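Before any comments, here is the structure.
What follows is calculated from the coordinates using simple rules that are stated; it is not laboratory data. If you're wondering where the values come from, they're calculated on a predicted model, not measured in any experiment. Don't worry about glycine lacking a Cβ; one is built from the backbone with ideal geometry, like all the others, and counts go over all protein chains shown.
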Amino acid sequence: MKKENQKSVISHRQSAIGNRQFLMGNAAVALGALHAGAAYGAGYPGTPSSEILDDFNRLGGAAEWAPNEKVAAEVALGVSFAGARAFSTMKHVGLNVAADVLFTAAYSGVDGALVFVVADDPGMASSQNEQDSRRYAVAAGIPCLEPADSQEAYDFTQLAFEVSERWKIPVILKLTTRVCHSGTIVTPRTPAGKPAPHFERNIPYRVMVPAHARPAHRRLRAKLAEIAEWNEAEGPNKIIAGEKDTGIIASGVAFQHVREAAPAAAVFKIGMSYPLPVNAILKFAGAVETAWVIEENDPFLADAVRAAGGNIESAPEMYRFGELTVDRVRRILNNDISPEPVPPRGIPPQLCAGCPHTKSFEVLKKLGCIVAGDIGCYTLAAMQPLAAMDTQICMGAGIGVGLGMRHVLPREEAKKVVSVIGDSTFVHSGLTGLAEMAYNVPDTGHVLLILDNSITAMTGQQEHPGTGRRLNQEPASPLDYEKVVRAMNIENVFTFDPVRETEAYETALKEALEKDELTVFILKRPCILSAARKS
């Protein structure tokens, strides 16, 4: 759902019939966090999770856009160490960045409550991979809840805080694109009060040196065993009676598709997917003639049930890719492995008309540069008609990848390599790449372009440390990229408006490519959509 539409859903809550409200999943999470007494939310924007913190802020909650997901998770963990309730939002690839915090926070535990709200993107509508965040729950030893609609997004958000506070453990609330951006009716509960923040010193629990971490690991496994027992007895799982010939085990939005595709089947709906209620699932599977596991992304549930001795059927490998639909579920249940219909070809995405990045990349293409790119709307420069970006892997990789190519390519090729990164991405993960650039200098030097459009554009016009505004639009001191670059002892720093000063930018870039020196260009011009919105 587009951000402007999301705003209208929020602003019309008061006109809802009675206490019932029609909410998108992201808005339901925000309301659930507010009603759970969350004192603070921190995150980094990433579709499909971006609206959650904006909504939480509009509802009166305290929230921030952090420089990246790791910092957001650390801030939220600090809030929980102070005895308050906190949550951190991100998309699935953002959890990779926050994983360093996630794994050790499972050992240290929390004092208030800490919820990681993670939005997966099956089908990669706006992502570079289809990873399944449930794998992180197992690897880190973190309970994982999977809502199937907006009501459960609201309810499970509150349950996540309750589980976290009861067992003093972080909890993952795993969403997917279809839950985040689909709307259903929500009936809120009476809001909970906020616990008064208070810090109590507990060095053995919070300082994870090996002597403290070893017993902490044992405490973690004991907690998970208790949570598994609770999930078996009274967890957020339910059985829907149906015919005995077919039983289906499902979680998240797959449950909704199953109910429409096979309305007569018995269904075991899993609400907490880790630790799994294994005994209850095996009992259900044993009571039907054929038990199926239907799920999106990885065969996470199927693998776990089979490992526990369950006799189940699951989708062939071809259905592991992309989102599930009702038709795809019907095909799975009918053992249909014929080629799926090819979806109609859509219009390839392109940079907006008037986007300042267009000029930046036209010059790169004209000069025959090998472009190590990065994550952001400027990634669309890889598409036709520009076709002017050669690599794009993850946030901040443009600098490191470009440096790697400079180190080993023949001199004439190496001299053509340029790294490109956006302003928000530079703050997110480019600062360490810049340090690498200044420290391990290739023989041919290197050229970096920071494309500063003064906003986090691709995920919906969110603020970041370089914009001069916080999430709630209060003024903040903007990061000065020139000063940052010079502080790392890179002397050649140039700032251009790529639209108004195209010729000067092209001339300076051509000269930089001929030198064996480090050069950074800051191409500064506001995003055309952001400029219109803020005018």
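Sort 170-181, 96-107 by the packing proxy (mean of other Cβ within 10 Å over each peptide's residues), most packed first. Don't skip to the end; give the middle numbers.
Numbers: 170-181: 26.6, 96-107: 20.2.
My ranking of the peptides, most packed first, is 170-181, 96-107.
Based on Cα atoms of the stretch 232-389, Rg over Rh with Rh as the Kirkwood radius reads 1.21. In the structure shown, the pairs 238/283; 416/515; 168/238; 244/269; 366/510 are assessed against 19 Å; a Cα-Cα span above that value is assigned to 168/238.
A full extension of the chain between residue 477 and residue 303 corresponds to an added length of 57.7 nm, given 0.36 nm per residue minus the alpha carbon distance.
Can you give the translational diffusion coefficient of the stretch 356-534 in µm²/s, computed by Stokes-Einstein from the Kirkwood radius over Cα pairs at 20 °C and 1.002 mPa s?
Working: Rh = 16.1 Å.
Here the translational diffusion coefficient equals 133 µm²/s.
Between the stretch 341-378 and the stretch 268-318, the C-alpha centres lie 42 angstrom from each other. The chain has equivalent-ellipsoid semi-axes of 42, 27, 23 Å, by the square roots of 5 times the alpha carbon gyration tensor eigenvalues, sorted largest first.
Each residue, residue 353 and residue 187, gets one label point 7 Å from its Cα in the Cβ direction; the gap between the two is 4.9 nm.
Counting Lys and Arg as +1 and Asp and Glu as -1, what is the net charge of the other residues whose Cβ lies under 13 Å from the Cβ of residue 519? Intermediate values should be presented prior to the final figure.
Details: positive: 406, 415, 486, 510, 515; negative: 482, 491, 511, 514, 516, 517.
For residues surrounding residue 519, the net value is -1.
Beyond 34 Å, the tail of the calculated P(r) for the stretch 3-234 holds 10 percent of the Cα pairs. Assuming charge only on the beta carbon of Lys and Arg (+1) and of Asp and Glu (-1), the dipole of the stretch 224-339 about its Cα centre is about 200 debye to the nearest 20. Site pair residue 201 and residue 382 shows an inter-label distance of 5.2 nm when each label is modelled 7 Å from Cα along Cα→Cβ. The peptide list 333-342, 59-68, 379-388, put in order of mean Cβ contacts within 10 Å with the highest first, becomes 59-68, 379-388, 333-342.
Assuming R0 = 60 Å, can you tell me the calculated FRET efficiency for the pair residue 504 and residue 124, based on Cβ-Cβ distance, to the nearest 0.05?
Numbers: r = 39 Å, r/R0 = 0.64.
Computed FRET efficiency for residue 504 and residue 124 comes out at 0.95.
Each of 54, 120, 132 was scored by other Cβ atoms within 10 Å of its Cβ. Arranged with the fewest first, they read 132, 54, 120.
On full extension of the chain, what length is gained from residue 221 through residue 317, given 0.36 nm per residue of separation minus the C-alpha to C-alpha distance? Provide the component values of the computation, followed by the final result.
Numbers: separation 96, 0.36 × 96 = 34.56 nm, distance 3.24 nm.
Here the answer is 31.3 nm.
When DSSP beta bridges are restricted to pairs lying wholly in the stretch 238-333, around 20% turn out antiparallel. To the nearest 10 degrees, how steep is helix 92-108 against the longest Cα principal axis of the chain, on a 0 to 90 scale? For helix 92-108, the angle is close to 60 degrees. Rounded to the nearest 500, what is the 222 nm mean residue ellipticity of the chain from helices alone, with -39500 (n - 2.57) per DSSP H run of 4+ residues and division by all residues? About -11500 deg cm²/dmol.
Amide H contacts for residue 522 (H built 1.01 Å from N in the peptide plane; partners 5 or more residues away or on another chain; cut-off under 5 Å): 450, 494, 495, 496.
Modelled label positions at residue 290 and residue 435, each set 7 Å beyond Cα in the direction of Cβ, lie 5.7 nm from each other.
By average Cβ neighbour count within 10 Å, what is the ranking of 22-30, 452-460 from highest down? List each step's numbers first, then the result.
Working: 22-30: 29.0, 452-460: 23.6.
Going by the mean number of other Cβ atoms within 10 Å, highest first, we get 22-30, 452-460.
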